[in-house]
Each structure stands twice: as C-alpha cells, then as structure tokens.
Amino acid sequence: MREFFTSQFGVSITFSVMVIGALLGITTYCIYFERKIAGWVQDRYGPNRVGPAGIFQLVADGIKMVFKEDIIPGHVDKVLFLAAPAIIIIVSFIGFAAIPWGGQWELDGHLVNIQVANPDIGLLYILGVASMAIYGLVLGGYSSNNKYSLFGSLRATAQMLSYEIPLGLCILVVVLTLGTLRLEHIALAQTGYWFGIIPQWNVFLHPVPFVILLITSLAESNRTPFDLPEAEQELVCGYHTEYTALKFGMFFLGEYAHMITASALISVLFLGGWHFPWIPWAQPEATSFFAVLVKIGVLGGKVVFFIFLMMWLRWTLPRFRWDQLMRVAWKGLIPITLALFILTAVLVYFGLERSIWTLVGNVVIVAGALLIAGSFGREVTGRTTNLPPIPSGPFSPGVGGVGASA
C-alpha cells in the first residue's frame, strides 16, 4: 500500500481527488466573490447578511437551488436536454489534469510530478477538452426547442469557433519558442533570469500574445464583454433559458471551472506557472513538501489574480454588439496572431526566438495594426460624413415636408 501512494500513479490519483474537491469549493464560492466584486465596483456592500461578511450566502443559495422545483418542459428533447449540463460540467472539471500545479516532489528517494498527468501532448489535451464544451452549449440550445435558446447556442458556436483560432495561434507562439508541448517543461523553461534580475517569463518576451490569450479566454468562457450567447436583454439568458434548479447551476459551475483552468493555463504559459523569482521554495531545485505547498500557493495566487481581473472586467466594460464581436476576431485578433506566429517561426529559424528581436517584433506588429486600423477608420469616417444632401420635396423631412413642424 505504501508503494502505491509513493508512486507517480498513486500521487496522481490522490492529487486528482484533492483538486476536484478544491475546484468544487472554489467554483461555488466564485459566485460569492463575483457578487462581492460587483458590490465593490458599484460602491455597495454586496452579500452581507448570511454569516460574517455574507460568507454563508452561497450556502443559503445552494440550499434554495437544491430544493427548487426541477422543471423539464414537455416540448424539449429530454435526453439531450439532460445531457447538455452534464457535458459542460464534466468537460470543465477534466481540463485541469495536465496543469503542473507544484513542480516536483522528492518522495521516498525519487521525484514525482505534482500533476494528474504529464503527457507529451499536454497542451493539445487541454485544447481538445476545452473545445468539447461547445457541444454542451449547442445541445442545450437545440434540445430546448426555444428560439431564444437556439439563437444563444448559434452565437456560442460562432463565437467559440472564431476565438479558438487566435487562442490556438497564441499557444503555438509559445510552443515554437520553447519547442515542447509539455506544460511542466514550459514552466521549467521560464525559471531563468535575464541580466540576473528579470525572470524569463514569456510575458516579457511575448506581451502581445499574452494579452490576446487573455482576451480570447474571456470569449471562450462567455464572459463580459463577450457574453453574447447569454445576453439577457436580447435572448432571455440564451442557451439555458429553459433550465432550472441544479441543471441551471451546473452551467454556472462549468463557466467558473473553465475560468480557473484558463487562468491556470495562462499562468503556466506566460507567468512561469509555480515559479516566482527570489523565493527559494519556488525554484525548480526545491523539492521538499513545504516547497511543493509554496509552489501550489504561487500558482494559486496567479489564478486568483486572473479570476479577479475577469470579474472586474465584467462590471467595467460594456457588452459588444454581435458584429463588433466578430469583427474583433476576424479583422483584428486573427491577423495579428498570424503575424506573430510567422515572426516567431522566422526567429526560430535564425535561432533568435528568445532574444530582444522577439519583443521588437511584437511592438512593430502592434504599431502596424494600429496604423492600419487608424487609416481604415479615417476612410470610413470620410465616407459617412460626405453623404449627399437630403432631397427636398413634399414627402421629405425638413422644411415644407411631412416632417416639418406646423
């Protein structure tokens, strides 16, 4: 029995149970923190009645949701209707498996990885699992036999397919730079220092892909300003309009779990994962149990920062129009990320992928995109302001017309 728990397989099984339990608790309390951050942004208290600082408000809400009537409308496709929230929650809770949460731990004289699985295609696994979430949204909207739900699922499909392209290209930039798909190797490659001071995190080398990956993660999670699939003003909550009680809550839990996995992925790809400069226990050579706890805490702190940022943006930015959302992807993010991918490929060919030229190329591409966008905006403004004069006549607005005042 001892050999089982000290082996990599035993550690992975034990750690997966612990992480799933932690995710269940964190995702539920993300709703509480969302309401608290909303109160902070809007200069009000937020939940403050049930328990100290309202910390038991979510318990009360959970009890209410459990005992609410579970309605399945008669006009829905029952099998698909029940399968949709199950797909959402399962997909959201298996994406964390390839995340390296705490580096390596020296256990009984050998090193084990603090992650559930470390396949050679860890990044492809996360991308494949994340892309499966769209099936839950599509089935939820289609099986509801409700036009608002169907419109929401169609929007979700178009949005997620569009924003997966720049998301994948940003990840490919990191893969080309470091030459590996294993997330633990990507984190380990960022543990050095430039000039002995600046950590070799990819955010300093590729700031533009970092920002674009954050934006596309918001779109993939259907977070504001990309929450068009569930726009309450237009679609009455969209693809989950017909859902109630726990099935309705499963959609929210899946969304927050996806936020956690996306935040952890961004932290590993661009912020060094569990690494933090000048802390001896957050270095690759530190393999004690206390060092593992510190590394998990470092990565957890980065995840909390990104979750807070996503919640802050929800109560700060207005929602895009649908045409604006698609234009941002196809005319903005995709051309920029294609240029970044080509730049990285050229630098890799000349062996300059981790040099100052990478940062210079990022700046040049963004400057060129801004110049093109500015010139295009001036052309559009010129066409719209130089309109022909409004014709006058008995049925035209203005003097002597129908719209003229008496």
Dipole of segment 70-337, positive direction: furthest Cα of I279, V174, I121, with charges on the beta-carbon: V174
In whole Hz, what ³J(HN,Hα) sequence does segment 114-119 give by Karplus (6.51, -1.76, 1.60; θ = phi - 60°), x for Gly and Pro? 8, 7, 5, 8, 10, x
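Hey, can you rank 324-332, 17-25, 273-281, 130-138 by average C-beta count inside 10 Å, highest first?
Result, highest mean first: 130-138, 273-281, 324-332, 17-25.
What is the dipole size for segment 299-368, taken about its Cα centre, with +1 at each Lys and Arg Cβ and -1 at each Asp and Glu Cβ, in debye to the nearest 20?
280
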The base-10 log of I(q)/I(0) that the Debye equation returns for segment 271-351 at q = 0.15, 0.16, 0.21 Å⁻¹, one scatterer per C-alpha, is -0.86, -0.88, -0.92
Relative to the longest principal axis of the C-alpha atoms of the chain, give the angle of the C-alpha long axis of helix 334-349, reported between 0 and 90° and rounded to the nearest 10°. 40
What angle, in degrees between 0 and 90 and rounded to the nearest 10, separates the Cα long axis of helix 245-270 from the longest principal axis of the Cα atoms of the chain? 70
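Assuming a viscosity of 1.002 mPa s and a temperature of 20 °C, what translational diffusion coefficient in µm² per second does Stokes-Einstein assign to segment 90-179, Rh being the Kirkwood radius over Cα pairs?
Reported coefficient: 138 µm²/s.
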Please state the shape class of segment 252-309: rounded when a/c is under 1.5, otherwise prolate if a/b exceeds b/c and oblate if not, all from the C-alpha gyration tensor. prolate
Given contacts defined as C-alpha pairs under 8 Å and at least six residues apart, what's the relative contact order of the chain, whole-number percent? 19
In terms of modelled amide H atoms, which long-range or inter-chain residues lie less than 5 Å from the amide H of W194? Q200
Rounded to whole Å, sorted largest first: equivalent-ellipsoid semi-axes of segment 70-337, Cα gyration tensor: 36, 21, 15
Helix 57-67 sits off the longest principal axis of the Cα atoms of the chain, rounded to the nearest 10 on a 0 to 90 degree scale, by 80
If the only charges are +1 at each Lys and Arg Cβ and -1 at each Asp and Glu Cβ, what is the size of the charge dipole of segment 70-337 around the Cα centre, to the nearest 20 debye? 520
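All of the numbers you see were taken from the coordinates with simple rules; none came from a lab. Keep in mind it's a predicted model, so treat the numbers as computed, not measured. Backbone-built Cβ (ideal geometry, glycine too); neighbour counts: all protein chains shown.
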